[in-house]
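Written out below as structure tokens is the structure these notes cover.
No lab work stands behind these numbers, since they all come straight from the coordinates. Worth saying up front: this structure is predicted, and the values here are computed from it rather than measured. Here the Cβ positions follow ideal geometry from the backbone for every residue, glycine too, while neighbour counts run over all protein chains shown.
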Amino acid sequence: MLVFIRILFNVFSNVLFFFQPILVVAALGSMFVGAMGALKQLRIKRFIAYTSINQIGFLFFGLASCNLIGLIATLIYLMLYVSMSLNFFTILLNTEHMVTKRGMLYLSDLYCFSSYNTESSKHLVLTIMSMAGLPPLGGFIGKLFLYFAVMEAKLDTALFISLLISMVSTYYYLSFVRYV
């Protein structure tokens, strides 16, 4: 992603506004595919793969604003998302199911996770809620900066569509929290 940002803003800086519609369509398409794919997933790794597609859409959305605010917001959101993903995988890869003594594969494996691993489940819930973009957590701040950049670029229709997709993604993140 950093290489793509570097190429986009260094090589194509003079003609960046010609690529803006392509970036908007790529961002909204990525958000839509990620959100719809994650809705029906039962496996944890596939769920996170689709949510990563959704999050990349948000990063493209910041780049589609074609301004300095969007670039800074994208970098902030990228750092926040990397830290949230590392936290998520650190928690889930270091825990095993209480009964089967194997790694967590399915969302249904998380049903009794909070009863035998209280501290890790609290951290996991906070991480997932931050990925969903709920206030006052870090994901909310990152998405807020991205939305400010898009408002500055006057991409109102794309902003409205992304807010609708973000509501869908909040639903599946909160359903993940329900499993925990």
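Tallying residues that are surrounded by fewer than 17 Cβ atoms within 10 Å (Cβ to Cβ) and without any contact (Cβ under 8 Å) to a residue 12 or more places away in the chain within region 116-140 yields 7.
When region 121-155 is filtered for residues that are part of a helix (DSSP H, G or I) and over 21 Å from the mean Cα position of the chain (by Cα), only GLU152 remains.
Residues checked against (1) touching a helix residue (DSSP H, G or I) at 6+ places or on another chain (Cβ under 6 Å); (2) surrounded by 14 or more Cβ atoms within 10 Å (Cβ to Cβ); (3) not small (Gly, Ala, Ser):
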site	(1), (2), (3)
LEU8	no, yes, yes
PHE17	no, no, yes
ILE22	no, no, yes
ALA38	yes, yes, no
ALA49	no, yes, no
ALA64	yes, yes, no
GLY70	yes, yes, no
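Restricting to helices (runs of 4 or more DSSP H) lying wholly in region 1-113: which have 1 or more residues that are of a type outside the set (Val, Ile, Thr) and touching a Pro at 6+ places or on another chain (Cβ under 7 Å)?
none
For CYS66, the conditions (1) on the phi < 0 side of the Ramachandran plot; (2) over 13 Å from the mean Cα position of the chain (by Cα) are fulfilled apart from (1).
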